[in-house]
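Written below as structure tokens is the structure these notes are about.
The values are calculated or read from the model by the stated rules, or taken from the named source; none is laboratory data. Since this is a predicted model, take the numbers as computed values, not measurements. No Cβ is skipped: glycine too gets one built from the backbone with ideal geometry, and neighbour counts run over all protein chains shown.
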Amino acid sequence: MNTLYEGLFIFPELLDEEGLDQAIAHVKEELEKLGGSIESTTRMGKKTFARPLKKQKAGLYVVMMFRVEGAQLDAFKARLKLTTNVFRHQFVESSGVEVEQEA
């Protein structure tokens, strides 16, 4: 059974829009090779880091909701390490329930 995950991906700030599109498409391809699927993609834009990481001062943040088997998650992480355009990534298992906030 595929589990729903929320993934935060940070791409290098030097990518333009076309480069970011290609990087997101490559992440999607790697996920699909493992039998997963992308539910949604949200671009959060460029964010400055609190401190420089590997001589980088900022990154392009993208949040993806995706489904993949839990056993395949480690293989997905290993594939991302080989992908040069993913600077950092973090995954959290999502309950699939959206919480509404009151104003």
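Across the stretch 27-76, which residue is surrounded by the fewest Cβ atoms within 10 Å (Cβ to Cβ) among those that are aromatic (Phe, Trp, Tyr) and closer than 14 Å to Pro12 by Cα? Looking at the filtered set, the residue picked out is Phe49. I'd like to check something: does the stretch 60-78 contain any residue that is acidic (Asp, Glu) and touching an Asp or Glu at 6+ places or on another chain (Cβ under 9 Å)? Among the residues of the stretch 60-78, not one is acidic (Asp, Glu) and touching an Asp or Glu at 6+ places or on another chain (Cβ under 9 Å), which makes the answer no. If I filter the stretch 33-53 for residues that are assigned to a helix (DSSP H, G or I) and under 15 Å from the mean Cα position of the chain (by Cα), do I get at least one hit? Among the residues of the stretch 33-53, not one is assigned to a helix (DSSP H, G or I) and under 15 Å from the mean Cα position of the chain (by Cα), which makes the answer no. Annotation: Ala78 fulfils all but one of (1) part of a helix (DSSP H, G or I); (2) in contact (Cβ under 8 Å) with a residue 40 or more places away in the chain; (3) small (Gly, Ala, Ser); the unmet one is (2). Once the stretch 48-78 is narrowed to residues that are modelled with pLDDT of 90 or more and basic (Lys, Arg), the residue that is farthest from Ala23 (Cα to Cα) is Arg51.
For the subset of the stretch 1-20 comprising residues that are assigned to a loop (DSSP other than H, G, I, E, B) and over 14 Å from Gly45 (Cβ atoms), which member is nearest to the chain's Cα centre (by Cα)? For the stretch 1-20, the residue satisfying everything is Leu14.
Only a single item in (1) outside any strand (DSSP E or B); (2) within 23 Å of Glu93 (Cβ to Cβ); (3) not small (Gly, Ala, Ser) is not met by Val63, and it is number (1).
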